[in-house]
Amino acid sequence: MLDLALCVLFSSSLFVIFKLFSKYKIQTIYAIITNYGVACLFSTLFYEDNIAMTDIPKKPWFLGTLALGVLFIIVFNVMAKTSQKIGVSVASVAAKMSLVIPVLVGVLLYKEVLGPIKILGIILALAAVYFASIKNRTITVKLDTLVLPLLVFMGSGLVDTSIKYLQVTYMEKGDFPMFSTTVFGAAGITGLIFILIKSYQVPLKINLRNVIAGLVLGIFNYFSIYFLLRALQNDFINSSSIFTINNVAIVLLSTIFGILFFKETLSKKNWFGIGLAVISIILVATT
């Protein structure tokens, strides 16, 4: 449970960091690229044995991690576009509601058993994410724009599901740092290619502020994945419960961070969602 708690802490802190990006006029895309380079470096440092680059392609999870790294960049950009075109609340709900995908996969693929109380907890978790995220404003969404939040929903769910699949099917305990290194490296290279292509339109300029922001983001990003992988390896709670607790707790802690650090105000619906989140975590974690 300690690993899961640390995963929630580092994951929730990412939202605080992104919030600070706008305050200090950080160019997010450049910080993101730096972040993956830093995360890749940390993964290498935390690997207890010597990493032979020639050995990595021989690992059974190698191709999967390359695809996962590319997916990291794609999902992030779709989230950004969804926030810009439709609204931050829609993007947030779509991303967090995706927890239903790894939960269902855990039941169907790994034959994980969900009792009635745990099912109730998962249903309450979905409701909690919705009520905790909605804002007091009406958002008009045309039919054609529903594609973006659907892609966020599917992409976020696919990321969580892929991590679990690779961890269960191919990964040994000692592979965690090497696995993380490859994923972050693939994401960084994908982002770098994107930036190089974009530089043909807008000249690329190195900004120390963006680099520092990416350094901080990379450290927190690395540990959010590191502790999620450790949590998934436990023998006490199945993956369905891990993903449910993780996603709902992140919504809860992020909300608390928003109140403490940014003086954000919550509606009655938001507080109702937080209450549901607490109940759902108790139901899922104790059954």
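The values are calculated or read from the model by the stated rules, or taken from the named source; none is laboratory data. All values reported here derive from a predicted model rather than from experimental measurement. Using ideal geometry, Cβ is built from the backbone for each residue, glycine included, and neighbour counts are taken over all protein chains shown.
When segment 257-275 is examined, which residues are found to be β-branched (Val, Ile, Thr) and touching a residue at least 60 places away in the same chain (Cβ under 8 Å)?
Matches in segment 257-275: Ile274 only.
Restricting to segment 92-124, and then to whatever is among the hydroxyl-bearing types (Ser, Thr, Tyr) and not in a helix (DSSP H, G or I), can you tell me which residue is farthest from Asn77 (Cα to Cα)?
The selected residue is Tyr110.
Of all residues in segment 24-51 being of a type in the set (Phe, Trp, Tyr) and over 18 Å from Leu71 (Cα atoms), which is modelled with the lowest pLDDT?
Once the filter is applied, the top-ranked residue is Tyr47.
So that you can scan it fast, the table gives a plain yes or no per residue for (1) more than 17 Å from the chain's Cα centre (by Cα); (2) not basic (Lys, Arg):
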site	(1), (2)
Lys164	no, no
Glu172	yes, yes
Val183	no, yes
Leu208	yes, yes
Gly214	no, yes
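Can you name the residue in segment 266-281 that is at pLDDT 80 or above and among the hydrophobic types (A, V, I, L, M, F, W, C) and, of all such residues, is surrounded by the most Cβ atoms within 10 Å (Cβ to Cβ)?
Ala277
Only one of Ser180, Ser199, Ser239 is within 30 Å of Ala127 (Cβ to Cβ) and of a type outside the set (Phe, Trp, Tyr); which?
Ser239
For segment 239-265, what are the residues that are surrounded by 15 or more Cβ atoms within 10 Å (Cβ to Cβ), more than 18 Å from Ser13 (Cα to Cα) and out of contact with any Asp or Glu (no Cβ under 6 Å at 6 or more places or on another chain)?
Ser239, Ser241, Ile242, Thr244
Quick one: which of Ile256, Ile281, Ile219 is assigned to a helix (DSSP H, G or I) and within 24 Å of Phe46 (Cβ to Cβ)?
Only one candidate qualifies: Ile219.
Tally the residues that are out of contact with any Gly (no Cβ under 8 Å at 6 or more places or on another chain) and in a loop (DSSP other than H, G, I, E, B), restricting the search to segment 227-244.
Matching residues across segment 227-244 total 5.
Condition first: more than 20 Å from Ser240 (Cα to Cα), among the aliphatic types (A, V, I, L, M), buried (at least 21 other Cβ atoms within 10 Å of the Cβ) and at pLDDT below 85. Can you find one or more residues in segment 9-23 that meet it?
No.
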